[in-house]
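This report concerns only the one structure given below.
The values are calculated or read from the model by the stated rules, or taken from the named source; none is laboratory data. Note that the structure is predicted; figures quoted are calculated from it, not measured. Cβ: placed from backbone, ideal geometry, glycine included. Neighbour counts: every protein chain shown. Keep in mind that these areas ignore ligands, DNA and RNA; they rest on the heavy atoms of the full protein, side chains included. Shrake-Rupley method; radii C 1.70, N 1.55, O 1.52, S 1.80 Å.
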Amino acid sequence: MEPTVTQPARGNRSVLETPEIRLAIKTVLKNWWIAVILAAIGYTIGYFYAYRLPDVYAAQTQLLFKSADQANLNSVIGNYGSYQGFVDNSNEIRVIQSYDLIKNVVDKLNINVSYYIEGRLRKTEVYQSVPFKITPYYINPSFYEKYINFLILDKYHFRISYLKGEHEYTQDGNFGDDFINSDMKLHISSSMDLDQNSIDDVKLINYEFQIHNTPTLVNKFRSYLSVKNIDYTNIFVITLNDFIPSRAVTFLDTLDKLYIESTVNTEYQRNTNTMTFINSEMNLISNIIDTIEMQVENYKIKKNIIDLNQEDQAIMATYLSSKTEKEKIQLQIASLNDLEQYIIEGKDPEFMPPSIYLMGNDGFIGQLTSQLYGIQMRILNATSSANTEQNPVVIDGKKELKRISEQLLTYINSMRKALNDKIAMADSSKYSSISNLRSMPEIKRGLANIQRQEEINAKLYDLLLEKRVNTIIEKSSIIPQTKILEKARSIGVIAPERTSMYYQFMLIGLIIAGIIVAIRLFFFDHIESIQELKANTTLPVIGEIISAPLLADLSFAIEDNPKSALTESFRTLRTNLQYMITNPDQKVILFTSNGPSEGKTFCSMNIAAILAKADKKVLLLEFDLHKPRMHKVLNISPDKGLTTLIIKKTTIEETLEHSQIYGLDVIICGPVPPNSSELVLSDKVKDLINYGRANYDYVIIDTPPLGFISDALILMKLSDVNLFVLNTKFADKKAIRYVEETVHLNKISNFGLVLNNVKRKKSNYYYNRYGYYGGYGYGGYGTYGNS
């Protein structure tokens, strides 16, 4: 009695035996090497990629901006309310990052040429350690930012080469001479003071240089520069990233110096404008006084006037004082009007009316005017450098400018009213003095008028002289409002993050591995166990045939070791066939496959043998008339067989061959005919199968591959059970779909699948669990089962 296969209950299945977990484990076990290899390749690529990248260094400096730029809540001006002044430090940040300031640094450092040393794996930029210096006079714009090779031939000669179109251009030159051609004019000087051995070493170095376009270079440094205002302070932290740490430090030192110089330029310019105006006014008044003095002398001589009495002089002094006070006030009003017109018309700050500085005794106007002028100059610089009205410096500056302008206009209007009141008082005093003067003799009045003009101009001259002295003092007291809190220093390498790059490239490798595994899983994954086959088809699965790699040149595999796992798998298949054969008249079992080398001949021979071992009479028919091989396995002459029987050259009895298995008879193919498919349609085929039904318990038919030849479909009309052999080497989802379509389109009944070449570890059958480890081989291993 044959053993019964018992499956474990579903409820007792362990977590590792669930389909999802088994699929995951299978995927990992089959494809782990892909992930390992691609991760290693990714790491290697990342290592060399990161190695080729130059180190990026950072240098840092700190500036302290003037504390007067902080908000001042205690500034109260008379009856006109309080004034709160604040300079937005974000504007100063934009000034530090402005194009003009960075360009000034670049021009001062003369760094428009970069030098490189070409190594075997990467190119390294050098700053001050090259034995030559290149000064460009002019260059074809197409050669900006282009790498040009430089080779030192000896102490006095060099060679320059570069690509020009598709051709390499080479030209030699002498150190100290101008290098001239149609593409560039350079002055190349040597800084070599080396012995012969050192020169020989330098000659082996492959130098390159790169000439930068100034706007490109400036924008590059602007992108590398960052300025941060520490919260609640006036401290600026300026950071510059560069490939050369010493250049970054030098750049920041120069930037600090030029920025500090720029902060005092506005004060010097305002002071210079004031001095120019005062000097011009003093020259004009001096000329007027000289003219008046000559008029006084001439008048006295003409009128024979010696002196005025003391009373008349007192009256004249009062009149002159009132007149002088009025004119002084009128001058202040004129200054206010000039400032008002300047604010309303929004004139160029270069043409600010210098007369406003005559209001220097008014601290509020002086403070607001200085801020107004500074903001206008900042907007002017930002507009000229960025050339756009969308510059944040321009936008913020205009908002601040509007606020200060409104305060100034309000204050000017109030001040003008107060000054007009003073003029009214001065007029009252002047008119009283005039009334008294009218009583003076006409000659004295004439002299008094001339002397009055002289005194007015003299006082105005004294006022201007005082203002000039104050302006000179102010100029000497102008100091930078910004100071260096921390000199530039290098803070080390900040990029690239090489370790992070290694892992990133490893991750990319793992992602690619995942994609490859997914493609293999969905398109090229082979069915390796009966469980996978059942999960991927709705067709009945009859059994599996275990792989036995050690089997070699055995006609019947089950004969070698009756207790082997391979033999036990055929016994299981024999048992399962009993459930398909429900009628004693069902005796014909047909074997086919999708393609060659699936193992259908191997399976048909051994199922015939295992049935014969159960005391059954079995007839094995080799209907693979296209590529027969059974005669080689059984060592039978191919001179007679099915082909000779069908064409009636031999009888059934003459073609029958008794095998080494008792009860198993074989009819091989015989000579290969030219019209194999036509022979299958012969009535003799039906007669032969009927003969087998009448004289044998089972008839086993071995057919050609169904995926290539239709013979199997014809023979299936005469068979009772049709078995399709799949080999784990070729069985994928596409092959299963083909079998299903063939079965449904041809309405094949009593059909079952047999999975061949299943490795023991993929099988869950009891013969695997109980250790049938006898060694046999067949199928895709170069021995049995390849047909």
Query - Residues that are modelled with pLDDT of 90 or more and of a type in the set (Phe, Trp, Tyr), drawn from segment 571-601 - result: 591
Query - Filtered residues of segment 692-719 (kept if under 23 Å from residue 530 (Cβ atoms) and either of a type in the set (Asp, Glu) or without any contact (Cβ under 8 Å) to a residue 24 or more places away in the chain (or both)) - result: 702
Report task. Examine segment 175-184 for a residue that is among the aromatic types (Phe, Trp, Tyr) and in a loop (DSSP other than H, G, I, E, B), and state whether such a residue exists. Result -> yes
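Can you tell me how many residues within segment 648-707 are in a strand (DSSP E or B) and surrounded by 14 or more Cβ atoms within 10 Å (Cβ to Cβ)? Spell out how you get there, then give the answer.
Step one: list which residues in segment 648-707 are in a strand (DSSP E or B), which gives 657-658, 664-667, 698-702.
Within this subset, residues satisfying the condition of being surrounded by 14 or more Cβ atoms within 10 Å (Cβ to Cβ) are 657, 664-667, 698-702.
Matching residues across segment 648-707 total 10.
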Query - Criterion (farther than 13 Å from residue 255 by Cα and at pLDDT 90 or above) met by exactly one of 71, 50, 58 - result: 58
Query raised in the report: Got a number for residues in segment 199-238 being in a helix (DSSP H, G or I) and at pLDDT 90 or above?
Result: 11
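Let me confirm something: among 543, 514, which residue is under 30 Å from residue 38 (Cβ atoms), at pLDDT 80 or above and outside any loop (DSSP other than H, G, I, E, B)? Talk me through it step by step, then tell me what you get.
Numbers: 543 fails: under 30 Å from residue 38 (Cβ atoms).
So the residue among 543, 514 that is under 30 Å from residue 38 (Cβ atoms), at pLDDT 80 or above and outside any loop (DSSP other than H, G, I, E, B) is 514.
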Query raised in the report: When you look at residue 319, is it modelled with pLDDT of 65 or more and aromatic (Phe, Trp, Tyr), yes or no?
Result: yes
Query raised in the report: Here is a list of conditions, (1) outside any strand (DSSP E or B); (2) within 14 Å of residue 132 (Cβ to Cβ); (3) of a type in the set (Val, Ile, Thr), and residue 188 meets all of them except one; can you say which number that is?
Result: (1)
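Results for (1) within 15 Å of residue 211 (Cβ to Cβ); (2) in contact with a Cys (Cβ under 6 Å, 6 or more places away or on another chain); (3) surrounded by 14 or more Cβ atoms within 10 Å (Cβ to Cβ), shown as yes or no for each residue.
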residue: 123; (1), (2), (3): no, no, no
residue: 131; (1), (2), (3): no, no, yes
residue: 144; (1), (2), (3): yes, no, yes
residue: 158; (1), (2), (3): no, no, yes
residue: 162; (1), (2), (3): yes, no, yes
residue: 170; (1), (2), (3): no, no, no
residue: 173; (1), (2), (3): no, no, yes
residue: 176; (1), (2), (3): no, no, no
Query raised in the report: Pick from 276, 291, 272: which is open to solvent by 50 Å² or more (accessible area, probe 1.4 Å), part of a helix (DSSP H, G or I) and closer than 14 Å to residue 464 by Cα?
Result: 276
Query - Meets criteria (touching a residue at least 24 places away in the same chain (Cβ under 8 Å) and open to solvent by 30 Å² or more (accessible area, probe 1.4 Å)) for residue 574 - result: no
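Taking residue 180, is it on the phi < 0 side of the Ramachandran plot and open to solvent by less than 60 Å² (accessible area, probe 1.4 Å)?
Considered against the rule, which asks whether it is on the phi < 0 side of the Ramachandran plot and open to solvent by less than 60 Å² (accessible area, probe 1.4 Å), residue 180 comes out as no.
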Report task. Could you tell me which residue of segment 239-266 is farthest from residue 107 (Cα to Cα), considering only residues that are of a type in the set (Phe, Trp, Tyr) and outside any loop (DSSP other than H, G, I, E, B)? Result -> 259
Requested in this report: Could you please tell me which pairs satisfy a Cβ distance under 9 Å, a separation of 6+ or placement on different chains, a first residue in segment 726-749 that is farther than 17 Å from residue 529 by Cα and among the β-branched types (Val, Ile, Thr), and a second residue that is assigned to a helix (DSSP H, G or I) and open to solvent by 70 Å² or more (accessible area, probe 1.4 Å)?
Outcome: none
**Report entry** Among the residues listed as 395, 365, the single one being modelled with pLDDT of 75 or more, among the hydrophobic types (A, V, I, L, M, F, W, C), out of contact with any helix residue (DSSP H, G or I) (no Cβ under 6 Å at 6 or more places or on another chain) and in a helix (DSSP H, G or I)
**Finding:** 395
Query raised in the report: If you go through segment 602-647 one residue at a time, how many are open to solvent by 10 Å² or more (accessible area, probe 1.4 Å), in a helix (DSSP H, G or I) and aliphatic (A, V, I, L, M)?
Result: 3
**Report entry** Tabulated pairs, segment 403-428, first closer than 20 Å to residue 322 by Cβ, second of a type outside the set (A, V, I, L, M, F, W, C) and open to solvent by 70 Å² or more (accessible area, probe 1.4 Å), C-beta under 8 angstrom, 6+ apart or interchain
**Finding:** 422/325; 423/330; 426/325
Report task. Mind listing just one residue for me: the one in segment 239-265 that is over 24 Å from residue 53 (Cα atoms) and among the acidic types (Asp, Glu) and, of those, modelled with the lowest pLDDT? Result -> 261
